[in-house]
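Peer 1: Take this structure, written in structure tokens, and hold onto it; I'll ask about it next.
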Amino acid sequence: MRLVQLIVLGLVMGVAAGWWLQRDGEPSDGAAVHPSAVVAADHAPAVPAEQAATATAAPAPAAAAAPLPGLLLPVQGIALSQLRDTFTDARSEGRVHDAIDIMATAGTPVLAVADGHVEKLFDSKRGGLTIYQFEPSGRWCYYYAHLQRYADGLAEKQTIKRGDVIGYVGSTGNANPEAPHLHFEMHVLGPEKQWWKGESINPYPLLKKGDGGD
């Protein structure tokens, strides 16, 4: 009798084991999860629904840069044909010029290249008498250096118009007294809008683009 009981018990256990193995292999919401899978899920970075929905989407194109303006030739009586691109010329102490020099007789009127305002009047060792002009959008700064003198009444924060006389060609600072000229630079301003700080861009093609006048 005991032998029969053992045989029956073995059959029942075999059937139960087969049923359990079949159940474990089927996909089910209630299926057991291996502990290592839980650990991996816990350490995975959470992704917001919005980001997940656009993860494979192409990035949006960057906003187009503002077009650079055409500029008025800033020295009265000078023709475009007289300009020379000196932007990449070498200077002392290993510097690059980062500007254009416009040769003219001392005392020749210097004109504002665009509308804007006088941000700073500054007397520096290298540039001599200088003017820093911001244009209305605050994107660009125009720099005029080696001036003989400022226009009468010129003041900081003063609004100026394209073509206004703002100073006169000279050779102050480190310029050669025998070669008076206007040193003219253009800078892209950073978000801080600091008159002494900006990325230099070549004004030569912009002066050409401006056709020298209105």
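Peer 1: Take LYS157 and tell me if it is loosely packed, with under 13 Cβ neighbours inside 10 Å, modelled with pLDDT of 95 or more and under 26 Å from ALA79 (Cα atoms).
Peer 2: Judged against the criteria, LYS157 is not a match.
Peer 1: When you scan the range 158-173, how many residues do you find that are without any contact (Cβ under 8 Å) to a residue 60 or more places away in the chain, among the polar types (S, T, N, Q) and part of a loop (DSSP other than H, G, I, E, B)?
Peer 2: The total comes to 2.
Peer 1: Could you list, in sequence order, all residues of the range 75-112 that are crowded, with 19+ Cβ neighbours inside 10 Å and at pLDDT 95 or above?
Peer 2: Once the filter is applied, which keeps residues that are crowded, with 19+ Cβ neighbours inside 10 Å and at pLDDT 95 or above, the range 75-112 yields VAL75, ALA104, THR108, VAL110, LEU111, ALA112.
Peer 1: So how many residues does the range 101-115 have that are outside any strand (DSSP E or B) and in contact (Cβ under 8 Å) with a residue 60 or more places away in the chain?
Peer 2: So the count comes out to 6.
The values are calculated or read from the model by the stated rules, or taken from the named source; none is laboratory data. From a predicted model like this one, the values you see are computed outputs, not experimental measurements. Please note: Cβ atoms are built from the backbone with ideal geometry, for glycine as well, and neighbour counts cover all protein chains shown.
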